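Enquirer: The structure under discussion is supplied below as structure tokens; questions concerning it will follow.
The values are calculated or read from the model by the stated rules, or taken from the named source; none is laboratory data. Bear in mind that the values here come from a model prediction, so they are computed numbers and not experimental data. Neighbour counts are summed over all protein chains in view; Cβ atoms, including those assigned to glycine, are modelled from backbone coordinates with ideal geometry. Heavy atoms of the whole protein, side chains included, go into the accessibility calculation; ligands, DNA and RNA do not. Shrake-Rupley method; radii C 1.70, N 1.55, O 1.52, S 1.80 Å.
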Amino acid sequence: MNILPYFIQNNDLAGKDVTVLGLGKFGGGVATIRFLTERGARVTVIDAKSAEELQESLRQLENRSDVIFQLGDQSAELPTTQLLVANPAIPPDHGLLRNAALQQIPITSEIELFWQLNPGRVIGVTGSNGKSTTTTMIHSILKAAGQRCWLGGNIGISLLPELDQIQAEDWVVLELSSFQLEALNRIKASPQIAVVTNFSPNHLDWHQNLEHYRQSKQTILRWQTESDVAVLNQDDPELQTWRTTGSILTIGTRSDLSPHLLVDQNRFLLKDQSEILTPELHVPGAHNRCNAAAAILACRAAGIAVPELKLGLESFRGLPHRLEFVGEYQQRKFYNDSLATTPESAICALDAFQETPVILLAGGSDKQVDLSEFAHRFRSQTKATALMGQTGKLMFDSLPEPQGSDQMYEAVISQPHTSFENAFRWAFQQSSPGDVILLSPGCASYDWFSSFVARGERFRTLFQQLFEKDGSD
């Protein structure tokens, strides 16, 4: 499909008929519509979801009387338009995208519009897992160093409304999904500092195949210049083969590979200065130490001094829904890792609690990725696992046999539960004092919830209800 890219020139949105495909629920669509109307465009919004499902986004646009909405129509036709702005979640084979391409109507997205008008310097972070945490760690370090910096992208914050405030010397730290990078490839855009945390199959329900996913991710390096920098995880065999025109800095845990930053338990050894950093991280797990290492090298490339690296990392307290400590009840600790929407990220969460018995809540909607290793891990590394959703049934039907010597527990695996509440109740019933009850689904939330946020909030609510039940304080 030959898509015509859109390049902004002067204020050529004024008077244009623009169609926004996908309003969405998380602010990106709202920010885009405000941006377009403020620049004089006539906007039509198409979304297959109903007005009730989109009520929060619509509430934020209730004063935009000049916007036409076509909602809840699965078969909506493309109106007469001069530009199509697609939500990043819209699959590349969507009928309206094909229609626009055939008519040679330019197609763009929120991230492309922002990128073309952003005057600041960009640090972009991608990866199959860990990109949200790494992005926020980088932002935390830059803030601690007194830099003017902005946080946005796939992390759920549109920076379109902030364009007038961003200055040329500012750092803009963007989490970039494969969807967004696929869009940025249209305008041949890569950041000055690119970070790739790791690579494993993901979103194969959206991408045509693994190679398409890989090509999309590699956009973050593809258009870099000789003065740009890429930070890559040397422990990942896939990333050892990735190339860029710019300089490559590596992190890793193997001293024989001589990475630029060696991660040794809780120590970070910088090769260029033979300096050892020992920040006290507030997020558990070896994977978060690798995320911190990537953040350190990205900020070194941005000119941040070593003492400020430690200060910034120690001021980072973690993200909501990412191994977030919710609280303790009857000597059980509850952790919300709803943002773990890939099996690899859920495996990292299990590894973070190797010294503690874990009761896991796992499963969700099917993204067509291989869940066999995840199933093997929770069979061998948890005390009990409550299975949920579409993938809960798939994993239960194909559970591996116990592997003998690597079996930490006689794991109890539930039949797939019919509701999140039932899964939570069962998990608590299986637990004992000293256990961790962990929501780390390894799958997307869309079969039962509108988002991983809604799933995580429900977990928090059910935790709070435990106190209400017995009147505990």
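Enquirer: Tell me, please, whether a residue that is closer than 26 Å to L371 by Cα and buried (at least 22 other Cβ atoms within 10 Å of the Cβ) can be found in the stretch 158-173.
Expert: At the first step, the residues of the stretch 158-173 found to be closer than 26 Å to L371 by Cα are none.
No, every residue in the stretch 158-173 fails to be closer than 26 Å to L371 by Cα and buried (at least 22 other Cβ atoms within 10 Å of the Cβ).
Enquirer: Also: Taking the conditions exactly as written (closer than 25 Å to L210 by Cα and either among the aliphatic types (A, V, I, L, M) or open to solvent by 40 Å² or more (accessible area, probe 1.4 Å) (or both)), does M395 satisfy them or not? Steps first, please.
Expert: Numbers: closer than 25 Å to L210 by Cα: yes; either among the aliphatic types (A, V, I, L, M) or open to solvent by 40 Å² or more (accessible area, probe 1.4 Å) (or both): yes.
Yes.
Enquirer: Name every residue in the stretch 445-473 that is at pLDDT below 95 and open to solvent by less than 10 Å² (accessible area, probe 1.4 Å), in order of residue number.
Expert: If the condition is that a residue be at pLDDT below 95 and open to solvent by less than 10 Å² (accessible area, probe 1.4 Å), then S445, S451 are the ones that fit.
Enquirer: Are any of the residues in the stretch 413-421 over 22 Å from K367 (Cα atoms) and in a helix (DSSP H, G or I)?
Expert: Within the stretch 413-421, one or more residues are over 22 Å from K367 (Cα atoms) and in a helix (DSSP H, G or I).
Enquirer: Another question about this same structure. Which ones in the stretch 272-320 are touching a strand residue (DSSP E or B) at 6+ places or on another chain (Cβ under 7 Å), more than 23 Å from Q147 (Cα to Cα) and either crowded, with 17+ Cβ neighbours inside 10 Å or basic (K, R) (or both)?
Expert: Residues satisfying the conditions are R289, C290.
Enquirer: What residue, among those in the stretch 321-340 that are among the hydroxyl-bearing types (S, T, Y) and surrounded by fewer than 24 Cβ atoms within 10 Å (Cβ to Cβ), is nearest to the chain's Cα centre (by Cα)? I'd like the intermediate steps shown before the answer.
Expert: Of the stretch 321-340, the ones among the hydroxyl-bearing types (S, T, Y) are 329, 335, 338.
Subset that is surrounded by fewer than 24 Cβ atoms within 10 Å (Cβ to Cβ): 329, 335.
Working: Y329: 30, Y335: 18 Å.
Applying the filter and picking the extreme gives Y335.
Enquirer: Of these, L360, L371, which one is of a type in the set (A, V, I, L, M) and either open to solvent by 10 Å² or more (accessible area, probe 1.4 Å) or touching a Cys at 6+ places or on another chain (Cβ under 7 Å) (or both)? Full working, then the answer.
Expert: Values: L360 fails: either open to solvent by 10 Å² or more (accessible area, probe 1.4 Å) or touching a Cys at 6+ places or on another chain (Cβ under 7 Å) (or both).
None of the others qualify; the one that does is L371.
Enquirer: Does T385 fit the bill of being polar (S, T, N, Q) and either open to solvent by 30 Å² or more (accessible area, probe 1.4 Å) or under 27 Å from T278 (Cα atoms) (or both)?
Expert: Details: polar (S, T, N, Q): yes; either open to solvent by 30 Å² or more (accessible area, probe 1.4 Å) or under 27 Å from T278 (Cα atoms) (or both): no.
Answer is no for this residue.
Enquirer: Check off (1) in contact with a Phe, Trp or Tyr (Cβ under 7 Å, 6 or more places away or on another chain); (2) open to solvent by less than 10 Å² (accessible area, probe 1.4 Å) for P106 and give me the number that stays unchecked.
Expert: Tallying (1) in contact with a Phe, Trp or Tyr (Cβ under 7 Å, 6 or more places away or on another chain); (2) open to solvent by less than 10 Å² (accessible area, probe 1.4 Å), P106 fails exactly one: (2).
Enquirer: Moving to a separate point now. Hey, can you tell me all the residues within the stretch 3-52 that are charged (D, E, K, R) and part of a loop (DSSP other than H, G, I, E, B)? Lay out the reasoning, then the answer.
Expert: Residues of the stretch 3-52 charged (D, E, K, R): 12, 16-17, 25, 34, 38-39, 42, 47, 49, 52.
Scanning the stretch 3-52 gives D12, K16, K25, R39, K49, E52.
Enquirer: Right, next: Find the residue count for the stretch 131-153, including only residues that are in contact (Cβ under 8 Å) with a residue 40 or more places away in the chain and surrounded by 24 or more Cβ atoms within 10 Å (Cβ to Cβ).
Expert: 9
Enquirer: Only one of these conditions is not met by N63: (1) open to solvent by 10 Å² or more (accessible area, probe 1.4 Å); (2) more than 27 Å from L204 (Cβ to Cβ); (3) part of a loop (DSSP other than H, G, I, E, B); (4) in contact (Cβ under 8 Å) with a residue 12 or more places away in the chain. Which number is it?
Expert: Looking at each condition in turn, N63 falls short on (4).
Enquirer: Report, ordered by the first and then the second residue, all pairs with beta carbons closer than 9 Å, sequence separation of six or more or different chains, a first member in the stretch 438-455 that is without any contact (Cβ under 8 Å) to a residue 24 or more places away in the chain and closer than 14 Å to G156 by Cβ, and a second member that is surrounded by 17 or more Cβ atoms within 10 Å (Cβ to Cβ) and of a type outside the set (F, W, Y).
Expert: The qualifying pairs are A454/S338; A454/S445.
Enquirer: Of all residues in the stretch 424-473, which are over 25 Å from the mean Cα position of the chain (by Cα), closer than 22 Å to K393 by Cβ and aliphatic (A, V, I, L, M)?
Expert: Once the filter is applied, which keeps residues that are over 25 Å from the mean Cα position of the chain (by Cα), closer than 22 Å to K393 by Cβ and aliphatic (A, V, I, L, M), the stretch 424-473 yields only A427.
Enquirer: Given the residues I359, I276, which is the only one that is in contact with a Lys or Arg (Cβ under 8 Å, 6 or more places away or on another chain), closer than 24 Å to V453 by Cα and not aromatic (F, W, Y)?
Expert: On the way: I276 fails: closer than 24 Å to V453 by Cα.
Of I359, I276, the one residue that is in contact with a Lys or Arg (Cβ under 8 Å, 6 or more places away or on another chain), closer than 24 Å to V453 by Cα and not aromatic (F, W, Y) is I359.
Enquirer: Shifting gears a bit: Would you check which residues across the stretch 196-205 are farther than 24 Å from I107 by Cβ and either surrounded by fewer than 19 Cβ atoms within 10 Å (Cβ to Cβ) or polar (S, T, N, Q) (or both) and list them?
Expert: Applying the first criterion (farther than 24 Å from I107 by Cβ) to the stretch 196-205 yields 196-201.
Matches in the stretch 196-205: T197, N198, S200, P201.
Enquirer: Related question: Where residues in the stretch 180-195 are touching a Lys or Arg at 6+ places or on another chain (Cβ under 7 Å) and within 19 Å of H139 (Cα to Cα), which of them is most open to solvent (accessible area, probe 1.4 Å)?
Expert: My answer is Q192.
Enquirer: Can I ask one more? Answer with yes or no whether F26 is modelled with pLDDT under 90, among the aromatic types (F, W, Y) and out of contact with any His (no Cβ under 7 Å at 6 or more places or on another chain).
Expert: Working: modelled with pLDDT under 90: yes; among the aromatic types (F, W, Y): yes; out of contact with any His (no Cβ under 7 Å at 6 or more places or on another chain): yes.
So F26 fits the description; yes.
Enquirer: For residues that are of a type outside the set (A, V, I, L, M, F, W, C) and open to solvent by less than 50 Å² (accessible area, probe 1.4 Å), tally how many sit in the stretch 418-444.
Expert: Restricting attention to the stretch 418-444, the residues satisfying the condition of being of a type outside the set (A, V, I, L, M, F, W, C) are 418-419, 421-422, 425, 429-435, 440-442.
With the extra rule that they be open to solvent by less than 50 Å² (accessible area, probe 1.4 Å), the set shrinks to 419, 431-432, 434-435, 440-442.
Residues flagged as of a type outside the set (A, V, I, L, M, F, W, C) and open to solvent by less than 50 Å² (accessible area, probe 1.4 Å) within the stretch 418-444 amount to 8.
Enquirer: Next question. Taking the stretch 206-239 as the search range and keeping residues that are at pLDDT below 95 and more than 16 Å from N185 (Cα to Cα), which one is most open to solvent (accessible area, probe 1.4 Å)?
Expert: Going through the qualifying residues, I end up with Q208.
Enquirer: Could you list, ordered by first residue, the pairs with Cβ atoms under 8 Å in which the first is in the stretch 300-322 and small (G, A, S) and the second is assigned to a loop (DSSP other than H, G, I, E, B), at least 6 apart or interchain?
Expert: If the second residue must be assigned to a loop (DSSP other than H, G, I, E, B), the pairs left are A302/Q147; A305/A145; G312/A145; G312/I304; G318/H282; G318/V283.
Enquirer: State whether the residues of the stretch 77-100 include one that is open to solvent by 30 Å² or more (accessible area, probe 1.4 Å) and assigned to a strand (DSSP E or B).
Expert: no
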